[in-house]
1. Name the residue, out of Leu65, Leu28, Leu90, that is at pLDDT below 95 and within 14 Å of ligand 2 (Cβ to nearest atom).
2. Among the residues of region 1-25, which ones are more than 13 Å from ligand 2 (Cβ to nearest atom) and touching an Asp or Glu at 6+ places or on another chain (Cβ under 8 Å)?
3. Kindly check whether there is at least one residue in region 112-121 that is within 13 Å of ligand 1 (Cβ to nearest atom) and in contact with a strand residue (DSSP E or B) (Cβ under 6 Å, 6 or more places away or on another chain).
4. Which condition does His124 not pass, out of (1) crowded, with 19+ Cβ neighbours inside 10 Å; (2) over 16 Å from the mean Cα position of the chain (by Cα), if it passes all the others?
5. Which fully enclosed helices (runs of 4 or more DSSP H) of region 1-83 have 3 or more residues being of a type outside the set (A, V, I, L, M) and surrounded by fewer than 16 Cβ atoms within 10 Å (Cβ to Cβ)?
6. For region 68-84, name all the residues that are in contact with a helix residue (DSSP H, G or I) (Cβ under 6 Å, 6 or more places away or on another chain), at pLDDT 90 or above and near ligand 1 (Cβ under 9 Å from one of its atoms).
Amino acid sequence: MDDREVKAATRRCRECVACCAELSVDELNKPAGRECEHCTARGCSIYAARPGSCRTFRCAWLQGLFADKDRPDRIGVIFAAQETAVGQVLVAFELWLGASLEERPARYIANARRGAIPVVIFHHGTGKRSIIADHLQREQVDELIANVRSARGHEVTRMRTTVRPLDGAATDPIRVRRGPAKGGQ
Ligand code: SF4
Ligand code: SF4
């Protein structure tokens, strides 16, 4: 097991319910930005019977990325790593406006940028998104925008894209990384 796998195996959501507040849940008709009615101080009150999209979603921290202390509710940003035809895309959902500019999230976004990983930032409460994709061509950015337009909720893990590699050749759609069910409470 590498370091990330060890972290992924040991991390739990515990009292973090950041994605339960910030992301929409289609099965519950829950809009983005409104806390789920099943949220409690100890986590999800219907954990064993939670909807499929809640089971599927595992934020990047829960998958073993970033420092232990940087759980989404503490740093104000939920990161989700998506594997695409042009490599990994990092999606960042702010929990409050401007959270992505604060020191820890900004560092992770800068690291992704240095590693030529496109970053899509959802700015809290504004409906606005930023895409940082220095190395992509204009058409690729347009495709990325089109594909994240509806990816506001837990279903972001099912985000599909047909973003083409730099040589412009046709490629398979995004390969969706499906992890095990979301960590226990
Ligand atoms: S999946 Fe991530 S954001 Fe959602 S509750 Fe767990 S740790 Fe928090
Ligand atoms: S995991 Fe539970 S509390 Fe969170 S959004 Fe899903 S049903 Fe609601």
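1. Numbers: Leu65 fails: within 14 Å of ligand 2 (Cβ to nearest atom); Leu90 fails: within 14 Å of ligand 2 (Cβ to nearest atom).
Step by step, each of Leu65, Leu28, Leu90 is checked, and only Leu28 is at pLDDT below 95 and within 14 Å of ligand 2 (Cβ to nearest atom).
2. Answer for region 1-25, where residues must be more than 13 Å from ligand 2 (Cβ to nearest atom) and touching an Asp or Glu at 6+ places or on another chain (Cβ under 8 Å): Lys7, Arg11.
3. No, region 112-121 contains no residue that is within 13 Å of ligand 1 (Cβ to nearest atom) and in contact with a strand residue (DSSP E or B) (Cβ under 6 Å, 6 or more places away or on another chain).
4. (2)
5. Those helices (runs of 4 or more DSSP H) span 3-10.
6. If we filter region 68-84 for residues that are in contact with a helix residue (DSSP H, G or I) (Cβ under 6 Å, 6 or more places away or on another chain), which is where we start, we get 70, 72-73, 75-78, 80.
Imposing the further condition that a residue be at pLDDT 90 or above reduces the set to 70, 72-73, 75-78.
Pro72, Asp73, Ile78, listed by residue number.
The values are calculated or read from the model by the stated rules, or taken from the named source; none is laboratory data. None of the values given here were measured: they were computed from a predicted structure. Heads up, the Cβs are rebuilt from the backbone with ideal geometry, glycines too, and the neighbour counts pull from every protein chain shown.
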